[in-house]
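The values are calculated or read from the model by the stated rules, or taken from the named source; none is laboratory data. Everything numeric in this text was worked out from a predicted model, so none of it was measured. Counting neighbours? That spans all protein chains shown, and the Cβs are built from the backbone with ideal geometry, glycine included.
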Amino acid sequence: MKIEIELTELPIVKTLSPQTGAPGAVVEFHGVVRDEENGRPISALVYEAYPEMAVHQIRRLLESISTRHVCLEAHVIHRLGSVPVGEAAIYVGITSRHRAEAIALLSEFMDRLKQDVPVWKRRSLPPPAATAPNRIGSTGQTPSLKAGPATRSLAGAMAEIQAHCQPLAAVRLPLADAFGRVLRETVCAPGDLPPFDCSTRDGYAILTGDAGGIFQVVDTLHAGVWNPRQLLPGEAVRVATGAPLPCAGLRVIMQENVERKDSHIRVLPRDDATNIRLRGEEVKAGQPLVPANTLLTAGALALLAAAGCVQPLVSPRIRVSHFTTGNELVAPDQTPGPGQIRDSNSMLIHGLLQRFPCEVEQSHLPEDFESAWRRLDGNRINAADLVLISGGASVGDKDFTRPLLERLGFEIVFSQVNLRPGRPLIFGVNGARAAFGLPGNPLAHFVCFHFAVATALARLSGDRAPGFLRGQLAVPLHDPPSPRETLWPAQMEFSGGVIRLHPLAWTGSGDVTCFGKANALLRQPANSGLLEAGSWVDFLPATGNMSI
Amino acid sequence: MRVLFFAQLKDVTGREAVELPLAAPVNGDQLWALLLQIHPGLAPHRTTVRLARNWEYADMKTQFIDADETALIPPVSGG
């Protein structure tokens, strides 16, 4: 029997097109999530699997049952993660010569699956009605809570953040204020660039075909001097670099190649160079000059200035609200008491946000949910494009980031990433607004900022999201295999034509000591053991001022 | 040996996996004894949890060695 098995986090869209001729019977089953379980309404079921063993066991079951009920093909798709009410959690498609075998196999398989295949489900309940007045939720509607403790891969999380965050409405700014913004419309050249034929050398302009050796200098032109005249054979015009040429059909002899005496020159060596930048040589009127979605660097601003674009349409300043949580934190200017530590995350976020055009407001939230809820400033939250909450993102008793975001009207897209450090990362959306619950440990903060928050900030600006680059390990990386991908703090250096990465020792996600040096995050694949020196690895730049 | 936890056992242990160095092969009972030393909270689950070794359910005779991937499988609820 031909067997295909798939585990997926995506909706199941499947109808069987038999691959083995005309089978006689095609039996398909979609197991759909009901709107209640044990009499309680639910909004979704959240599925988790031991994937390798689940696939192995499904195959064993099918092979075993098909010895008694002989069928031709079996296709099994089991969905993982959050499956909303009304969507299929499992699909089974069987083909056989006659219907009886296929129906019998399907029936027995489903019974056995529920006993032996390592897949688990949890209920996701509809959000409870807010007990406090809903002064912050944007429109008073309850969020459609789909996801439970949904885990994403690193790549999956980055893709989902990109998909959910859309560019904010653009604004027009004076050119001088637009540095670091993302241009949101293509700016075309209003005229030819350069706007006239000009000399690229200090020298003497003569007619192109004039083969004479002695010329009379009839004029002197500097940059900015516009004095057209038709040159005659035997005439030359003294020109400075950048000077507009007096007529067409000229070439410029470098001054080093002539001998001047009074008002005459003698050309010494001749070469073929014309030494002229022609009008429209770089760009012609109406051609795109700076494309939309360009990050406005000094060079791009200069080009816009050259084109007379003084009010470019650009990304707005992103309004960020950052909250810290945790009773153990004291301000950096205070001396920590027993069991307390200084808050470093506020400064970390403050610093990391510097390279993005942001307005940041930072404040601290009290430890318990209701006090924190009362402390939140509804106007401020509603005005924020991006909400960041540090700490409280795990599943400890006092961790309230998720319920807080939910009550604020955010729909949780995922609440874990299969990554270390930085696993308990929460990402939610509320209309065009995005929110992250960042794990409280500083190193996890650092990591989550670079792959997750930076991705959201880039998308909100309309910029390209950060992507992984390739570099070589400078030294071997000894680390016991982990089932999770790792983003190692590392120091990168450019040497011998490649970027070489030195992994920095870290003892855990609370480790702050490697911050001072880390300027890259090295991606160590899951389950990899020793990585030799010279191995090619992916990394994310993590410098405050560099985008490659 | 790597021992994986799933579903509610992740909540009980607070982790997805634990490294359990084995100098010599152990049977299921010995493995449980080692696990309960690390995570006593697993005790009430012992009667309902099955052991799996390298993606197969273990039985009374199964021996576990250091190179195995072992998992604690609480009652399943797929489909």
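When region B:46-65 is filtered for residues that are outside any strand (DSSP E or B) and within 13 Å of another protein chain (Cβ to nearest Cβ), the ones remaining, listed by number, are B:T48, B:V49, B:N54, B:W55, B:A58. Within region A:336-344, can one find any residue that is assigned to a helix (DSSP H, G or I), among the charged types (D, E, K, R) and either out of contact with any Asp or Glu (no Cβ under 8 Å at 6 or more places or on another chain) or under 21 Å from A:T455 (Cα atoms) (or both)? Scanning region A:336-344 turns up no residue that is assigned to a helix (DSSP H, G or I), among the charged types (D, E, K, R) and either out of contact with any Asp or Glu (no Cβ under 8 Å at 6 or more places or on another chain) or under 21 Å from A:T455 (Cα atoms) (or both).
Checked against (1) at pLDDT 90 or above; (2) among the charged types (D, E, K, R); (3) surrounded by 17 or more Cβ atoms within 10 Å (Cβ to Cβ), A:R172 passes all but a single condition, namely (3). Of the strands (runs of 3 or more DSSP E) that lie entirely inside region A:420-511, those containing 2 or more residues that are farther than 30 Å from A:L183 by Cα and out of contact with any strand residue (DSSP E or B) (no Cβ under 6 Å at 6 or more places or on another chain) span A:485-495. Quick check: is even one residue across region A:203-218 of a type in the set (D, E, K, R), modelled with pLDDT under 95 and in contact with a Cys (Cβ under 9 Å, 6 or more places away or on another chain)? No.
For the subset of region A:462-519 comprising residues that are aromatic (F, W, Y) and surrounded by 13 or more Cβ atoms within 10 Å (Cβ to Cβ), which member is nearest to A:G156 (Cα to Cα)? If we take residues in region A:462-519 being aromatic (F, W, Y) and surrounded by 13 or more Cβ atoms within 10 Å (Cβ to Cβ), then A:F468 is nearest to A:G156 (Cα to Cα). Of the strands (runs of 3 or more DSSP E) entirely within region A:1-105, those holding at least 2 residues that are charged (D, E, K, R) and under 22 Å from B:E56 (Cα atoms) occupy A:2-8. Look at B:V18 and say whether it is over 30 Å from A:V92 (Cα atoms), more than 8 Å from every other protein chain (Cβ to nearest Cβ), part of a strand (DSSP E or B) and of a type in the set (A, V, I, L, M, F, W, C). Considered against the rule, which asks whether it is over 30 Å from A:V92 (Cα atoms), more than 8 Å from every other protein chain (Cβ to nearest Cβ), part of a strand (DSSP E or B) and of a type in the set (A, V, I, L, M, F, W, C), B:V18 comes out as yes. Of the residues making up region A:286-304, those that are touching a residue at least 40 places away in the same chain (Cβ under 8 Å), of a type in the set (A, V, I, L, M, F, W, C) and surrounded by 13 or more Cβ atoms within 10 Å (Cβ to Cβ) are A:L289, A:V290, A:A292, A:L295, A:L296, A:A300, A:L301, A:L304.
Here is a yes/no grid of residues against (1) within 11 Å of chain B (Cβ to nearest Cβ); (2) more than 12 Å from A:I3 (Cβ to Cβ); (3) loosely packed, with under 15 Cβ neighbours inside 10 Å; (4) among the aliphatic types (A, V, I, L, M):
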site	(1), (2), (3), (4)
A:P23	no, yes, no, no
A:R34	no, yes, yes, no
A:P41	no, yes, yes, no
A:V46	yes, yes, no, yes
A:Y50	yes, yes, no, no
A:I58	yes, no, no, yes
A:L62	no, no, no, yes
A:E73	no, no, no, no
A:V85	no, yes, no, yes
